[in-house]
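Taking it in order: structure first as structure tokens, then the write-up.
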Amino acid sequence: MSQQRAWVLGLLAFAGVPVWGVRPADVDGWLAAARVRGTGTQTRGQMAQAVHRFYVFVQIRHAREVEAVTGGAVVQPVDEFNRPRRLARVGVRVPPSLREVELLFTAWRLSLPGVRGRGFLAAARDYVAASLWRRLGLRINESVHLRVGDWYPQAGTCGMLHVRCGKGAQGSGPRQRLVPAIDGVDRLLAWWMTQVRGQFGDDLAAGRAVLLPSRCRTTDGGGLRPACAVTLRQGLARAVGRWLSAWSGRLTPHPLRHFCASHLYSQGMDLEAIGALLGHTWISTTARYVHVPAERVEWHWQQANARLTGRLLPPVSGAGPAGMVRDAGGGC
């Protein structure tokens, strides 16, 4: 069942009426209940969008049939107050370029040895968290809930992270997954675990200690609390403001997740593998995370045009295939 269909059926179950009986008040209550459950603003906009499109389809294709059976017209229940204008405001989360991300993280990494005292521990922790968003596409809440025992350096060819609190579908609870430590994350975590994490001063032996800790202990005097999402966001914001000021206020953890998907796709990883890494259920979701630069589109167009020209034109006397393609041009 597609997510859009599930949302429509969820609305009908909430309203307790057939398709033609749903009214704007039902949509109001349904979306309000979703907000209480913790559903984000963008997801609620997508829910309203799905219902709006479904009723447009019903009105165009089946309005006469419904009126003949029920004696009434089909009403569009997503009124102007719930129409998903907010999706246009959110916009496409186009991530920074590879050059910009490399500039940011290189400057950030080189600055760490110069941070004095306990400030080094917080700076290194924020750098590791942001690197997990950039290289593995982890969600910020997934990062917060990681434990030391979730890192398996001997698993696979480069180690595995056990993401225990992945985002699940509505009502399904956390969805777990194993994430390979690709793109240098194995070296990053080896440095973090052997040289830095132990300096926070808590017991790591049992594996229950948090991977990215704060400086505060739990109320019962046990281990350290995890660094909260706000703290990690602020760490990234400070680094962006210092070394990538053009992105100040815009580069947050989620665009780094988009950057991860786009970068891996440009390196040749297919959408199915990227979706598994990011914890997506639907490949259509992953496709929205991949942003192909215009230069890459142009390059592929030129390559495709050159291949087509090579198949259609006869060989030129005294010239090989490379010369034929070069003479044929094929620009845009």
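The values are calculated or read from the model by the stated rules, or taken from the named source; none is laboratory data. Computed from a prediction, not measured in an experiment: that's the story for all the values here. Cβ placement follows ideal geometry from the backbone for every residue including glycine, while neighbour counts extend to all protein chains displayed.
Taking the conditions exactly as written (at pLDDT 90 or above and not in a loop (DSSP other than H, G, I, E, B)), does Ala88 satisfy them or not? Judged against the criteria, Ala88 is not a match. Set side by side, the residues Ala129, Ala205, Ala209, Ala190 differ, and just one is farther than 30 Å from Gly10 by Cα and surrounded by 21 or more Cβ atoms within 10 Å (Cβ to Cβ), which is Ala129. Residue pairs whose Cβ atoms lie under 6 Å apart, separated by 6 or more positions or on different chains, with the first residue in the range 109-131 and touching a residue at least 12 places away in the same chain (Cβ under 8 Å) and the second hydroxyl-bearing (Ser, Thr, Tyr) and in a helix (DSSP H, G or I), are Ala129/Ser143.
Conditions tested, residue by residue: (1) in the same structural domain as Leu251 (by TED's automatic domain parsing); (2) exposed (fewer than 13 other Cβ atoms within 10 Å of the Cβ); (3) at pLDDT 85 or above.
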residue	(1), (2), (3)
Gly72	no, yes, no
Pro77	no, no, yes
Glu80	no, yes, no
Pro84	no, no, no
Leu104	yes, no, yes
Leu110	yes, yes, yes
Pro113	yes, yes, yes
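Scanning the range 217-232 for residues that are farther than 18 Å from Val128 by Cα and at pLDDT 80 or above yields a total of 1.
Applying the selection to the range 43-69, what residues are over 14 Å from Trp7 (Cα atoms) and either not assigned by TED's automatic domain parsing to the domain that holds Leu9 or not hydrophobic (A, V, I, L, M, F, W, C) (or both)? If the condition is that a residue be over 14 Å from Trp7 (Cα atoms) and either not assigned by TED's automatic domain parsing to the domain that holds Leu9 or not hydrophobic (A, V, I, L, M, F, W, C) (or both), then Gln59, Arg61, His62, Arg64, Glu65, Glu67 are the ones that fit. Looking at this structure, is His254 part of a helix (DSSP H, G or I), surrounded by 15 or more Cβ atoms within 10 Å (Cβ to Cβ) and modelled with pLDDT under 95? It is true that His254 is part of a helix (DSSP H, G or I), surrounded by 15 or more Cβ atoms within 10 Å (Cβ to Cβ) and modelled with pLDDT under 95. Flag set for Leu121, criterion: closer than 16 Å to Trp192 by Cβ and surrounded by fewer than 20 Cβ atoms within 10 Å (Cβ to Cβ). Of all residues in the range 257-287, those being under 18 Å from Val94 (Cα atoms), loosely packed, with under 14 Cβ neighbours inside 10 Å and touching a Gly at 6+ places or on another chain (Cβ under 8 Å) number 0.
Can you work out which of the residues in the range 263-282 that are of a type in the set (A, V, I, L, M, F, W, C) and under 17 Å from Val179 (Cα atoms) is nearest to the chain's Cα centre (by Cα)? Among those that are of a type in the set (A, V, I, L, M, F, W, C) and under 17 Å from Val179 (Cα atoms), it is Leu278.
Figure legend. Inter-residue proximity from the range 136-153: first residues acidic (Asp, Glu), second residues not in a loop (DSSP other than H, G, I, E, B), beta-carbon distance below 7 Å, spacing 6+ or different chains. Indicated pairs: Glu142/Val163; Glu142/Cys165; Glu142/Gly166; Asp150/Leu161; Asp150/His162; Asp150/Arg164. Going residue by residue through the range 298-307, is there one that turns out to be outside any loop (DSSP other than H, G, I, E, B) and either at pLDDT 85 or above or acidic (Asp, Glu) (or both)? Yes; the residues of the range 298-307 include at least one that is outside any loop (DSSP other than H, G, I, E, B) and either at pLDDT 85 or above or acidic (Asp, Glu) (or both).
Of the residues making up the range 15-51, just one is of a type in the set (Phe, Trp, Tyr) and under 14 Å from Val78 (Cβ atoms), namely Trp30.
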